[in-house]
Amino acid sequence: MLYKGQLKRWNEDKGFGFINSKTGMPDVFIHISALKEMSRRPVVGDIIYYEIHTDNEGKNRAVNARIEGISLAKSKIRRKTAKNKSNWFVWFLICFLIIPIGLVLYKIINKEANSPSYTSPSRNSTHSTSKEKEYNENYSCDGRVWCSEMTSCDEATYFIQNCPGTKMDGNGDGTPCESQWCN
């Protein structure tokens, strides 16, 4: 049942007061927690709507109260909680789904980039020179394309002749890494 009364006394420091009931009942105790949804704190003279709860000692106290003419406060706690839950969900997705999937894709792409994508055609041994056999035994296409990744002119020459996508012959004359290895 909803009751109506006027706030008779209020102790701001302790957050409680008493409502003078219009029904002839004794003054009713009210704690600030009963007004938790109000946009401001009560002041003496406010008209209060409330329900009565009888505690274990038989004393009446106001609960679920509101101040007449005062709007309800927007619940900051609920909004923060909902926001925190959505942030938690986003972080969960990032940490446990997106990052691992990204790492797996990175490893797959990196493995493909470093694996030999082109194998030199098998040559007839009668037409192969001893230099070509030595190249085939010592070097293999492993994804390296720059002069800075080579260790010798022979290695750079093998790569430019046998491996696709190399970037070692800037002037296009067929001699790789002229300023570093094959000068």
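The values are calculated or read from the model by the stated rules, or taken from the named source; none is laboratory data. This is a predicted model, so every value here is computed, not measured. Every residue, glycine among them, receives a Cβ derived from its backbone with ideal geometry; neighbour counts consider all protein chains shown.
Observations on the model:
- Answer residue from segment 87-133, given it is of a type in the set (Ser, Thr, Tyr) and either surrounded by fewer than 10 Cβ atoms within 10 Å (Cβ to Cβ) or more than 27 Å from Asp154 (Cβ to Cβ) (or both) and is modelled with the highest pLDDT among those: Tyr106
- Top-ranked residue in segment 150-170 [being among the polar types (S, T, N, Q) and surrounded by 16 or more Cβ atoms within 10 Å (Cβ to Cβ); ranked as farthest from Tyr139 (Cα to Cα)]: Thr166
- Of residues in segment 1-28 being touching a residue at least 24 places away in the same chain (Cβ under 8 Å) and surrounded by 17 or more Cβ atoms within 10 Å (Cβ to Cβ), the one farthest from Ala65 (Cα to Cα): Trp10
- Filter result for the condition that a residue is at pLDDT 90 or above and in a helix (DSSP H, G or I), over Ala82, Ala34: Ala34
- Residue check, Trp181 surrounded by 12 or more Cβ atoms within 10 Å (Cβ to Cβ), at pLDDT 70 or above, outside the structural domain of Ile47 (by TED's automatic domain parsing) and over 30 Å from Asp46 (Cα atoms): yes
- Selection count, segment 142-170, where residues are of a type in the set (Lys, Arg) and closer than 20 Å to Lys111 by Cβ: 1
- Candidate set: segment 36-68, residues that are in contact with a Lys or Arg (Cβ under 7 Å, 6 or more places away or on another chain) and of a type outside the set (Asp, Glu); chosen: the one farthest from Met1 (Cα to Cα): Val44
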